[in-house]
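Novice: This is the structure I want to talk about, given as C-alpha coordinates.
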Amino acid sequence: MPKYTNYRYIYPPRPRNAIHDSELDSWDNGSLVGQVKLNGSNISIYTNGTKHIVMNRHGQRLTNFQLTDNEIKDIYRGTGEWIVINGEYLNKNKYNENKKVFNHKLIIFDILVYNN
(Lines give C-alpha, C1' and ligand atoms only; values in the text may rest on other atoms or scores of the structure.)
Protein backbone atom coordinates (compact mmCIF):
# COMPACT_ATOMS: atom_id res chain seq x y z
CA MET A 1 0.00 0.00 0.00
CA PRO A 2 1.47 3.40 -0.95
CA LYS A 3 2.33 5.87 1.79
CA TYR A 4 0.53 9.20 2.08
CA THR A 5 3.58 11.48 2.55
CA ASN A 6 2.23 14.82 1.26
CA TYR A 7 -1.08 16.43 0.47
CA ARG A 8 -3.17 14.93 -2.30
CA TYR A 9 -6.94 15.04 -2.41
CA ILE A 10 -8.90 11.94 -1.36
CA TYR A 11 -12.55 11.82 -2.38
CA PRO A 12 -14.48 11.16 0.86
CA PRO A 13 -16.56 7.98 1.06
CA ARG A 14 -20.30 8.46 0.63
CA PRO A 15 -23.26 6.17 1.19
CA ARG A 16 -24.72 4.81 -2.04
CA ASN A 17 -28.33 4.19 -1.04
CA ALA A 18 -30.46 5.75 1.64
CA ILE A 19 -32.91 3.59 3.57
CA HIS A 20 -36.03 5.25 4.89
CA ASP A 21 -36.17 5.08 8.69
CA SER A 22 -39.49 3.21 8.57
CA GLU A 23 -37.64 0.31 6.84
CA LEU A 24 -34.68 0.05 9.23
CA ASP A 25 -36.19 -2.75 11.33
CA SER A 26 -36.45 -5.00 8.28
CA TRP A 27 -32.75 -4.46 7.44
CA ASP A 28 -31.25 -4.62 10.91
CA ASN A 29 -30.70 -7.94 12.66
CA GLY A 30 -29.03 -6.24 15.63
CA SER A 31 -25.59 -6.11 14.02
CA LEU A 32 -25.76 -2.81 12.14
CA VAL A 33 -24.53 0.59 13.26
CA GLY A 34 -26.13 3.76 11.94
CA GLN A 35 -25.18 7.39 11.84
CA VAL A 36 -27.45 10.40 11.89
CA LYS A 37 -27.48 12.42 8.66
CA LEU A 38 -26.17 15.87 9.43
CA ASN A 39 -27.09 18.80 7.23
CA GLY A 40 -23.89 20.67 6.54
CA SER A 41 -20.93 20.64 4.22
CA ASN A 42 -18.71 17.58 3.97
CA ILE A 43 -15.18 18.49 5.04
CA SER A 44 -11.80 16.81 4.80
CA ILE A 45 -8.89 18.04 6.90
CA TYR A 46 -5.39 17.12 5.73
CA THR A 47 -2.66 17.79 8.28
CA ASN A 48 0.77 16.73 9.45
CA GLY A 49 0.39 18.67 12.68
CA THR A 50 1.88 21.91 11.37
CA LYS A 51 0.48 22.40 7.88
CA HIS A 52 -3.22 21.87 7.22
CA ILE A 53 -5.51 21.98 4.20
CA VAL A 54 -9.31 21.99 4.43
CA MET A 55 -11.33 20.82 1.45
CA ASN A 56 -14.99 20.22 0.59
CA ARG A 57 -16.23 17.01 -1.07
CA HIS A 58 -15.74 18.51 -4.52
CA GLY A 59 -11.99 18.88 -4.05
CA GLN A 60 -12.20 22.65 -3.51
CA ARG A 61 -11.10 24.72 -0.54
CA LEU A 62 -13.93 25.03 1.97
CA THR A 63 -14.81 28.71 2.19
CA ASN A 64 -15.81 30.51 5.38
CA PHE A 65 -14.10 27.91 7.56
CA GLN A 66 -10.89 28.44 9.50
CA LEU A 67 -8.96 26.25 11.91
CA THR A 68 -6.56 27.88 14.33
CA ASP A 69 -3.19 26.34 15.17
CA ASN A 70 -4.58 25.41 18.61
CA GLU A 71 -7.58 23.66 17.03
CA ILE A 72 -5.24 21.67 14.77
CA LYS A 73 -3.22 20.67 17.85
CA ASP A 74 -6.47 19.50 19.51
CA ILE A 75 -7.45 17.43 16.46
CA TYR A 76 -4.06 16.04 15.43
CA ARG A 77 -3.02 12.77 17.08
CA GLY A 78 -0.11 11.84 14.84
CA THR A 79 3.65 12.00 15.27
CA GLY A 80 4.57 14.29 12.39
CA GLU A 81 3.05 12.03 9.75
CA TRP A 82 0.02 12.99 7.66
CA ILE A 83 -3.53 12.26 8.72
CA VAL A 84 -6.75 12.87 6.81
CA ILE A 85 -9.96 13.42 8.77
CA ASN A 86 -13.43 13.48 7.26
CA GLY A 87 -16.49 15.08 8.82
CA GLU A 88 -19.30 17.56 8.47
CA TYR A 89 -19.15 21.31 9.03
CA LEU A 90 -22.60 22.41 10.16
CA ASN A 91 -23.05 25.67 8.28
CA LYS A 92 -26.67 25.53 7.16
CA ASN A 93 -28.35 27.19 10.16
CA LYS A 94 -30.35 24.24 11.48
CA TYR A 95 -31.99 23.84 14.89
CA ASN A 96 -31.46 21.23 17.59
CA GLU A 97 -34.19 19.34 19.45
CA ASN A 98 -34.65 22.36 21.77
CA LYS A 99 -35.27 24.68 18.79
CA LYS A 100 -31.93 26.46 19.35
CA VAL A 101 -29.61 27.22 16.42
CA PHE A 102 -27.06 24.43 16.08
CA ASN A 103 -24.58 25.90 13.67
CA HIS A 104 -20.87 26.35 12.99
CA LYS A 105 -19.87 23.07 14.58
CA LEU A 106 -17.37 20.54 13.25
CA ILE A 107 -18.39 16.89 13.53
CA ILE A 108 -15.57 14.40 12.87
CA PHE A 109 -16.73 10.94 11.87
CA ASP A 110 -13.93 9.23 9.99
CA ILE A 111 -10.14 8.97 9.84
CA LEU A 112 -9.17 8.23 6.24
CA VAL A 113 -5.38 8.29 6.76
CA TYR A 114 -3.41 7.89 9.99
CA ASN A 115 0.41 8.15 10.17
CA ASN A 116 0.71 8.13 6.40
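The values are calculated or read from the model by the stated rules, or taken from the named source; none is laboratory data. Quick caveat, the model's predicted, so the values are computed rather than measured. Quick reminder, even Gly has a Cβ in these numbers, built from the backbone with ideal geometry, and neighbours come from all protein chains shown.
Novice: Within the stretch 72-90, does at least one residue satisfy the condition of being part of a helix (DSSP H, G or I), charged (D, E, K, R) and modelled with pLDDT of 85 or more? Even if it seems obvious, please write down each step before you answer.
Specialist: Of the stretch 72-90, the ones part of a helix (DSSP H, G or I) are 72-75.
In the following step, the residues that additionally are charged (D, E, K, R) were identified as 73-74.
Then keep just the ones that are modelled with pLDDT of 85 or more; that gives 73-74.
Yes, that holds for at least one residue.
Novice: Additional query: Need pairs with beta-carbon distance below 6 Å; first residue more than 15 Å from Asn39 (Cα to Cα) and within the stretch 91-116, second of a type outside the set (Gly, Ala, Ser) and surrounded by fewer than 14 Cβ atoms within 10 Å (Cβ to Cβ); sequence gap 6+ or separate chains.
Specialist: Cβ pairs passing all conditions: Asn116/Lys3; Asn116/Thr5.
Novice: Tell me the residue from Glu71, Glu88, Glu81 that is of a type outside the set (Gly, Ala, Ser), within 14 Å of Lys37 (Cα to Cα) and surrounded by 11 or more Cβ atoms within 10 Å (Cβ to Cβ), please.
Specialist: Values: Glu71 fails: within 14 Å of Lys37 (Cα to Cα); Glu81 fails: within 14 Å of Lys37 (Cα to Cα).
On inspection, the qualifying residue turns out to be Glu88.
Novice: Which of the following residues is of a type in the set (Val, Ile, Thr), closer than 30 Å to Tyr95 by Cα, touching a Leu at 6+ places or on another chain (Cβ under 7 Å) and free of Cβ contacts under 8 Å to residues at least 24 places away in the same chain: Val54, Val33? If you could, list the steps in order and put the result at the bottom.
Specialist: Details: Val33 fails: touching a Leu at 6+ places or on another chain (Cβ under 7 Å).
Among Val54, Val33, only Val54 is of a type in the set (Val, Ile, Thr), closer than 30 Å to Tyr95 by Cα, touching a Leu at 6+ places or on another chain (Cβ under 7 Å) and free of Cβ contacts under 8 Å to residues at least 24 places away in the same chain.
Novice: Residues that are buried (at least 17 other Cβ atoms within 10 Å of the Cβ), small (Gly, Ala, Ser) and more than 25 Å from Asn115 (Cα to Cα): does the stretch 13-22 have at least one?
Specialist: If we filter the stretch 13-22 for residues that are buried (at least 17 other Cβ atoms within 10 Å of the Cβ), which is where we start, we get none.
Looking for residues that are buried (at least 17 other Cβ atoms within 10 Å of the Cβ), small (Gly, Ala, Ser) and more than 25 Å from Asn115 (Cα to Cα), one finds none in the stretch 13-22, hence no.
Novice: Is at least one residue of the stretch 49-70 out of contact with any helix residue (DSSP H, G or I) (no Cβ under 8 Å at 6 or more places or on another chain), at pLDDT below 90 and in a helix (DSSP H, G or I)?
Specialist: Yes - at least one qualifying residue is present in the stretch 49-70.
Novice: Now for a different question. When you go through (1) free of Cβ contacts under 8 Å to residues at least 40 places away in the same chain; (2) part of a loop (DSSP other than H, G, I, E, B); (3) exposed (fewer than 15 other Cβ atoms within 10 Å of the Cβ) one by one for Asn39, which number turns out not to apply?
Specialist: Only one criterion is unmet by Asn39, namely (1).
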